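Read through the structure below, which is laid out as structure tokens, and then see the notes.
Nothing in this text is a laboratory measurement; each read-out follows from the coordinates by a stated rule. Because the structure is predicted, anything quoted here is derived from the model rather than measured. Using ideal geometry, Cβ is built from the backbone for each residue, glycine included, and neighbour counts are taken over all protein chains shown.
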Amino acid sequence: MLKIIRVYNPDNLGKYSNMSESVISDDRLSLSALGLLAILYGKPDGYCFNIEELVSISNCDKSEIYNHANTLSRLGYVTVEG
């Protein structure tokens, strides 16, 4: 379904995540939902998020984060617990 490739580039001293073109061009995702997905994919495997953290690093309020997370969950991109 979706393959993420994380690449370490010693020249830039950072990690990079590549997202499938099918995800980027999924017209069911708003730009904000796609941005949230990019943020989520940029974190290490097993990283647990909370709404307050996502609000603090975005320009979205809690209801927008919940809406985007629910959209991503409904489309199968993430699993929402709790």
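Structure summary
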read-out: Local electrostatic count at ALA33 - Lys and Arg +1, Asp and Glu -1, tallied over other residues with Cβ under 11 Å; value: 0
read-out: Fewest-first ranking of VAL80, VAL55, VAL23, using other Cβ atoms within 10 Å as the exposure measure; value: VAL80, VAL55, VAL23
read-out: Per DSSP, loop chymotrypsin sites (Phe, Trp or Tyr not before Pro) in region 43-73 with at most 10 further Cβ within 10 Å; value: TYR47
read-out: Segment SER58-ASN70, length gained on full extension (0.36 nm per residue, minus Cα span); value: 2.7 nm
read-out: 12 Å beta-carbon shell around GLU52, net charge (K/R +1, D/E -1); value: -1
